[in-house]
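J.: Provided herewith is a single structure, encoded as structure tokens, for subsequent inquiry.
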Amino acid sequence: ALEVVGFDVYLHHCVKQLRLPPELAEAEDEEIIDILRQRIRQGSTRMPIVKVILSGPGYAGKTCLVRTLTEGAFPVEDPERTNGIDICAMMVSEGRLEFVFYDFGGQPVYASTHQLFLRSRAVFLVVWDAVEGRDEETEVHGYAQDVLDANPDAGLLFVISKVDDGRPRSRLSEEQLRVRYGANFRGLIAVSAKSGLNLDHLLAEIEAVGRTLRLVDEEVPRTYLELRRRVEARRVEDFCISADEWRVEAEAAGVPPSGMSTALDLFHAWGLVLHLPGGEDSPVVLRPQELAGMLSEVITRHPDKTQHCRDGLLRHAELAAVWVDYDVALHPYFLELVHEYELGIRLCDPAGLDMGATLIPAMLGTSDYEAMQDMAQLLGQQPLPRQADCQVTLSSFPSRFVPQLLVQLRQLMTLGGWWRLGTVITDRGHSRDTIRAVGSVAVDPASK
């Protein structure tokens, strides 16, 4: 028995000592007591799920790598290029650990849609193959920075693929990566999915990093296993279910009403489902990977879909045509998802009234021809101006405006140039020792 005199005791301060998931650190004590009671009555179990997210260029061989790891053999036929995200799972460590691989499509147009998954706890793999003539350093650092922008504490494993295909050695060394990424750097591994070279080493490194993640080894009520089984059976037919349907499944699995919200929060954190924004009564997506397809109706280079965001604007009155393949009742939640993950900026007039449109910065791109013409014109100025200031005053300042502006500048100019120090546009044709800056962006939010 424990007697405490003169102090208030809050269970949410003791989640580590109670071997509870860290997400409960903000829960009410009544909710924590309910979880503990469930563990006592029904017994406890662990759901050691490690999400492994692979990002990198479209040619890097990520899909072949994942299939070889999960199926035990190199694909007989070349897989089709990943459009959006593919998800598959495998058991390791004699069933004591489960990897859930998220294979991201490497095409630049999909980069924005990945924000839905980059914020979660996961092991992040940046995968590329060293190909002569490509700007390897810029590509690798670009994908790594995308991860860190969304998840500053992410652990990064760098993976060089196709090392048995006669590719040149990577110009990036372990020491360079360690210096650049500090505590985020977790290793550099050269592998071959075809020959199996270093695949066991890669799995061991993923496991080592995965076991440091939150939730991996914490105890949860045994009813969660039955709830997961029911969710997996339901997702065969259903892309999404209502909050009430989630409660029915949870009740059938033996989860008491007071614990259903916690179970949903944890399943969302594990990546088994995605709870759409909007509160406890918002729908639950059972096949999260298909959200990439939903977003690709908005953020796309497909000629039949670019009309959905003419001039970079997603018009709310046209959502029924944009998401025609989805239940119209889901459209408001999809739109809120776009806003919450900062893929779009809701437009309001000076009075703060909704203008019925969302700005999608990723759809404000320019053509290759225009980018090359702009680069040629800027470099044609002799000498290049030391100072050419352009001051822009905004009536409002959305939190993601500057990052999205920088993204667009990068898309505009790195088609024919290098990107350095986050904001500098340079000429790719010159050596690294003689880089000529064409322009840079400086922002002072305080000055308004």
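The values are calculated or read from the model by the stated rules, or taken from the named source; none is laboratory data. Quantities reported herein were computed from a predicted structural model and do not represent experimental measurements. Cβ atoms come from the backbone with ideal geometry, glycine included; neighbour counts cover every protein chain shown.
J.: If you take the residues of the range 240-276 that are surrounded by fewer than 18 Cβ atoms within 10 Å (Cβ to Cβ) and hydrophobic (A, V, I, L, M, F, W, C), which of them is nearest to GLU98 (Cα to Cα)?
T.: Restricting to residues being surrounded by fewer than 18 Cβ atoms within 10 Å (Cβ to Cβ) and hydrophobic (A, V, I, L, M, F, W, C), the top hit is ALA252.
J.: Taking the stated definitions as given, is ALA190 of a type in the set (A, V, I, L, M, F, W, C), out of contact with any helix residue (DSSP H, G or I) (no Cβ under 7 Å at 6 or more places or on another chain), farther than 30 Å from TYR341 by Cβ and surrounded by fewer than 19 Cβ atoms within 10 Å (Cβ to Cβ)?
T.: Answer is no for this residue.
J.: Among the numbered criteria (1) in contact with a strand residue (DSSP E or B) (Cβ under 6 Å, 6 or more places away or on another chain); (2) surrounded by fewer than 17 Cβ atoms within 10 Å (Cβ to Cβ), which one does ARG301 miss?
T.: (1)
J.: Somewhere in the range 272-283, is a residue within 30 Å of ALA183 (Cβ to Cβ), under 21 Å from the mean Cα position of the chain (by Cα), part of a helix (DSSP H, G or I) and not small (Gly, Ala, Ser)?
T.: no
J.: Another one. What are the residues in the range 356-374 that are surrounded by fewer than 19 Cβ atoms within 10 Å (Cβ to Cβ) and at pLDDT 90 or above, if any?
T.: Of everything in the range 356-374, just one residue is surrounded by fewer than 19 Cβ atoms within 10 Å (Cβ to Cβ) and at pLDDT 90 or above, namely GLY356.
J.: Of GLY254, GLY259, which residue is within 27 Å of SER44 (Cα to Cα) and in contact with a Ser or Thr (Cβ under 6 Å, 6 or more places away or on another chain)?
T.: Exactly one of GLY254, GLY259 is within 27 Å of SER44 (Cα to Cα) and in contact with a Ser or Thr (Cβ under 6 Å, 6 or more places away or on another chain), namely GLY254.
J.: Are there any helices (runs of 4 or more DSSP H) wholly within the range 178-267 with 3 or more residues that are out of contact with any Pro (no Cβ under 8 Å at 6 or more places or on another chain) and in contact (Cβ under 8 Å) with a residue 60 or more places away in the chain, and if so which?
T.: 199-210, 223-234
J.: Can you tell me which of VAL231, VAL209, VAL216 is surrounded by 15 or more Cβ atoms within 10 Å (Cβ to Cβ) and at pLDDT below 90?
T.: VAL216
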